[in-house]
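The values are calculated or read from the model by the stated rules, or taken from the named source; none is laboratory data. Quick caveat: nothing in here was measured; it's all calculated off a predicted structure. Here the Cβ positions follow ideal geometry from the backbone for every residue, glycine too, while neighbour counts run over all protein chains shown. Just so you know, the surface numbers come from the protein's heavy atoms only, side chains and all, with ligands and any DNA or RNA stripped out. Shrake-Rupley method; radii C 1.70, N 1.55, O 1.52, S 1.80 Å.
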Amino acid sequence: AVVVGSGAGGAMAARTLARAGLDVVVLEEGRHHSTASFAGRAPLERFAELYRDGGATVALGRPPLLLPVGRAVGGTTVVNSGTCYRTPDHVVERWTKDFGFVLAERLGPYLDETERTLNVATQPLDVLGRNGRIALAGAEHLGWRAAPLRRNAPGCLGSCQCVVGCPTGAKQSVQLSVLPDACAAGARIVTGARVRRVLVDPDRPGGPAAAGVRVRREGGGEFEILAPLVVVAAGALQSPPLLRRSGLGGHPRLGRNLSVHPATSVAGRFDEPVTAWEGVLQSVGVEEHHDGGVLIEATATPPGMGSFVLPGLGGELRRELEDADRLATLGAMIADRPSGRVLGRDRTLLRYDLDRRDGDRLMRAVRAMGEILFAAGAREVLTGIPTAPRARDLGELDAVLAAAGPRKLHLSAYHPTGTVAAGSDPERSPADAGGRLRGVTGVLVADASVLPGCPEVNPQLSIMAAALAVTEAYLER
Ligand SMILES: Cc1cc2nc3c(=O)[nH]c(=O)nc-3n(C[C@H](O)[C@H](O)[C@H](O)COP(=O)(O)OP(=O)(O)OC[C@H]3O[C@@H](n4cnc5c(N)ncnc54)[C@H](O)[C@@H]3O)c2cc1C
């Protein structure tokens, strides 16, 4: 078997197939980075290396949306925040009933297995840092549901650098957890290897069938690996173009149905130092509005990387930066409609038009974050809205939001899904209910693309469990 991509889904697929005795090769376009290499270099340098497009992937639309994804052995898990949510029950029900993605019903044990592999546990209070504790205090004051997040980072020291590679190795991204197991079971990983196309034998008696892949090496040159099983796990933004350039992109829904779980953030200024970068980067979840599609997480970033919300230019911006240790930051993500699209064959082009309902959700999310920060004692809230960057109380925040509208928000997203969705309806789903690409035999889809819709929580556990389900179902057959 050939597995394209070594991220959350690809790693799980490789481990499952290797343990079952298949001869497995994982092809990864990015390079391998060690924990020691993270510890020795500045965050911004690592940022440029570990992300596709240097972290500047953007979806066109109004407003445009920054959509960074990882490119390294371990994929985006190398740069993710380590937050671990199980797929909510109502999401499993929707995937099963509305899409006929029957494997979703079997996710429970696969989520358990993933949690064991990644050492998932509730983040202890002592390393949260003040950013997280402020979120807890604000939520408690309001009587809202909030708690330290469950994470895959036992022994986390609160270095606040997850998104540029954990410098202590505490975060169990898949290159430190799943991939070593896969290699112990015989899998091999080839780095700097971009899969150009999936090879297809059109003349098989049962119809077209996978025959392997054609690969371009980083330093130039190409080679082929022949294999009867190809697992596509290049991520929700790269899998559709790969299938198109392989002549397998004919399904009209391929590349459509893109949900991104859009995010926006605000900061609160406090009288006392917060020093948000001393502690866990993503530390506390506020779930009070989750039923309404809004999930708030206290999220700090290394200085210089979280400066979207800072107002002003020149001297004003400089004063803001000098005062940055008094800022606490929250982020919110909203469960969105699948209003995006992945275009392109060789290079990905993204389009995402914010749905009107989702725009309203984002505005509600900003207000809720403001409420938490003011309840925790913030002197002002920085909105990130260029025309009205500050609000000194909730009344001012409401006025700012009423005047601005969602198109003025600075949006980013970290959780693209759904672009090669699995389901029972052949017209609606490019992959069948077992995650097999339609129209060809021997191609499995085992990454974020295969999820039929937004998981409404940080998705790594859902993706890994789905990859397990897809590959186990293949082996059973
Ligand atoms: C900053 C950030 C923070 C995040 N935080 C969290 C979090 O706290 N919790 C959570 O649950 N989720 C988080 N996520 C999201 C989560 O990490 C991803 O959803 C998940 O890793 C996606 O898994 P995947 O297998 O679909 O793709 P990826 O993990 O992105 O892996 C795809 C891999 O395929 C490779 N590839 C692509 N094309 C090719 C090709 N043609 N040939 C060879 N290789 C190729 C890529 O280089 C990449 O390494 C975060 C994401 C970001 C960006």
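Points to keep in mind about this one:
- The residue that is farthest from Glu456 (Cα to Cα), among those in region 400-429 that are part of a loop (DSSP other than H, G, I, E, B) and among the hydrophobic types (A, V, I, L, M, F, W, C), is Leu409.
- Pairs with Cβ under 8 Å, 6+ apart, first in region 162-177 and without any contact (Cβ under 8 Å) to a residue 40 or more places away in the chain, second within 14 Å of the ligand (Cβ to nearest atom): Ala170/Ala153; Ala170/Cys156
- In region 386-393, the count of residues that are at pLDDT 95 or above, among the basic types (Lys, Arg), in contact with a Gly (Cβ under 6 Å, 6 or more places away or on another chain) and more than 27 Å from Val470 (Cβ to Cβ) is zero.
- Put simply, of Leu27, Leu22, Leu50 the only residue that is in contact (Cβ under 8 Å) with a residue 40 or more places away in the chain and open to solvent by 10 Å² or more (accessible area, probe 1.4 Å) is Leu22.
Here is a yes/no grid of residues against (1) within 15 Å of Gly75 (Cβ to Cβ); (2) touching a strand residue (DSSP E or B) at 6+ places or on another chain (Cβ under 6 Å):
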{"residue": "Val174", "(1), (2)": "yes, no"}
{"residue": "Ser177", "(1), (2)": "yes, no"}
{"residue": "Ala182", "(1), (2)": "yes, no"}
{"residue": "Arg194", "(1), (2)": "yes, yes"}
{"residue": "Glu222", "(1), (2)": "no, yes"}
{"residue": "Leu226", "(1), (2)": "no, yes"}
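- Flag if Glu456 is within 15 Å of the ligand (Cβ to nearest atom), modelled with pLDDT of 95 or more and not hydroxyl-bearing (Ser, Thr, Tyr): yes
- Checking Asp358, Asp336, Asp346, Asp325 one by one, the residue that is open to solvent by 50 Å² or more (accessible area, probe 1.4 Å) and either part of a helix (DSSP H, G or I) or at negative phi (or both) is Asp346 and no other.
- The criterion of being in the same structural domain as Pro452 (by TED's automatic domain parsing), within 27 Å of the chain's Cα centre (by Cα) and either open to solvent by less than 20 Å² (accessible area, probe 1.4 Å) or within 11 Å of the ligand (Cβ to nearest atom) (or both) does not hold for Gly212.
- Checking Arg106, Arg130 one by one, the residue that is open to solvent by 50 Å² or more (accessible area, probe 1.4 Å) and not assigned by TED's automatic domain parsing to the domain that holds Gly435 is Arg130 and no other.
- Some residue of region 281-296 being within 11 Å of the ligand (Cβ to nearest atom) and open to solvent by 10 Å² or more (accessible area, probe 1.4 Å): yes
- Restricted to region 1-96, the set of strands (runs of 3 or more DSSP E) holding at least 1 residues that are away from the ligand (no atom under 13 Å from the Cβ) comprises 58-60.
- Yes/no for Gly221 being modelled with pLDDT under 95, surrounded by fewer than 18 Cβ atoms within 10 Å (Cβ to Cβ), more than 12 Å from the ligand (Cβ to nearest atom) and over 15 Å from Gly30 (Cα atoms): no
- Taking the conditions (1) of a type outside the set (S, T, N, Q); (2) in the same structural domain as Arg19 (by TED's automatic domain parsing); (3) in contact (Cβ under 8 Å) with a residue 40 or more places away in the chain; (4) more than 16 Å from the ligand (Cβ to nearest atom) in turn, Asp432 satisfies each one other than (3).
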